[in-house]
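The values are calculated or read from the model by the stated rules, or taken from the named source; none is laboratory data. Quantities reported herein were computed from a predicted structural model and do not represent experimental measurements. Cβ coordinates were reconstructed from backbone atoms using ideal geometry, including for glycine residues, and neighbour counts include every protein chain displayed.
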Amino acid sequence: MPAYYPVFLNLAGKRCVIIGGGAIAEGKISKLKETGAQVTIISPDATPAIQKMAKKGVVEWTARKYQPGDLAGAFLGIAATDVRQVNQQIFEEAKELGVVLNVVDDPDLCAFIAPSVVERGPVTVAISTGGASPALARKLREALTDSPALEWADLAHVLSKARKEIKKRGVAVDPQRWQCCLTPDLLSLAQAGQEEQALKQIMSGLLDEDATGLCPDVKKCRSEGCSTQG
């Protein structure tokens with residue numbers, strides 16, 4: 001079993017070709033479009049939803065079977081057919097053209113595999129078992145969806161603002177100091193909609209050596225939290 005390198009792709013404006021027009025192909029479209037990808041469907045038949053999207057110009061649909069050359073100019077390809085011989089041909093073309101390819105339910109022909117995803121606001125958690133068990137990936141996704149740990153994602157907007165402000169000021173902040181500032185109190189402020197107060201609190205923690213509840217010396221911080229909090 002290959003070892004996969006986890007990565008998030010920027011597909012904005014890039015041509016992505018899906019070969020196949022069934023339910024699986026349909027399920028791939030929404031996520032690709034959310035990234036700004038230009039999606040082309042190649043299949044003699046397509047689900048009513050795909051046909052509707054094609055009529056609206058959301059995707060381009062070429063109503064025929066796969067032909068060699070269909071991946072030309074593509075950055076990413078998805079083979080969603082149920083014909084092994086056709087998938088093999090698509091794989092060979094992708095390999096020749098350097099197109100990143102996923103062949104549904106056939107890891108041996110994949111340059112990448114699609115993870116099981118948990119989303120909360122701008123935070124995305126991707127789960128992969130390396131192709132060993134999609135069922136396990138789904139189980140983990142369901143468990144994480146209801147996990148209190150995912151509530152920390154509610155801090156994303158506040159932390160993004162703080163990061164931009166720190167960069168604007170040209171200040172270097174130790175990574176451990178960031179961790180120590182991520183407190184339940186800060187999370188509660190963000191979840192209550194008090195983002196400005198939360199931003200003020202974390203900026204104070206990051207920049208003020210005398211901030212309440214934080215170590216005066218960041219070198220004394222521990223991975224599990226500041227010693228003053230323990």
Across segment 1-29, what is the total count of residues that are of a type outside the set (K, R) and more than 16 Å from A79 (Cα to Cα)? 13
Single residue of Q176, Q197 found to be polar (S, T, N, Q), farther than 30 Å from T81 by Cβ, modelled with pLDDT under 95 and not in a loop (DSSP other than H, G, I, E, B): Q176
Take segment 32-60 and flag every residue that is closer than 21 Å to G73 by Cβ and either of a type in the set (D, E, K, R) or touching a Ser or Thr at 6+ places or on another chain (Cβ under 6 Å) (or both). K33, I42, E60
Identify all residues within segment 13-27 that are β-branched (V, I, T) and surrounded by 18 or more Cβ atoms within 10 Å (Cβ to Cβ); write none if there are none. V17, I18, I19
So, in segment 170-191, how many residues would count as being over 26 Å from the mean Cα position of the chain (by Cα) and exposed (fewer than 12 other Cβ atoms within 10 Å of the Cβ)? 4
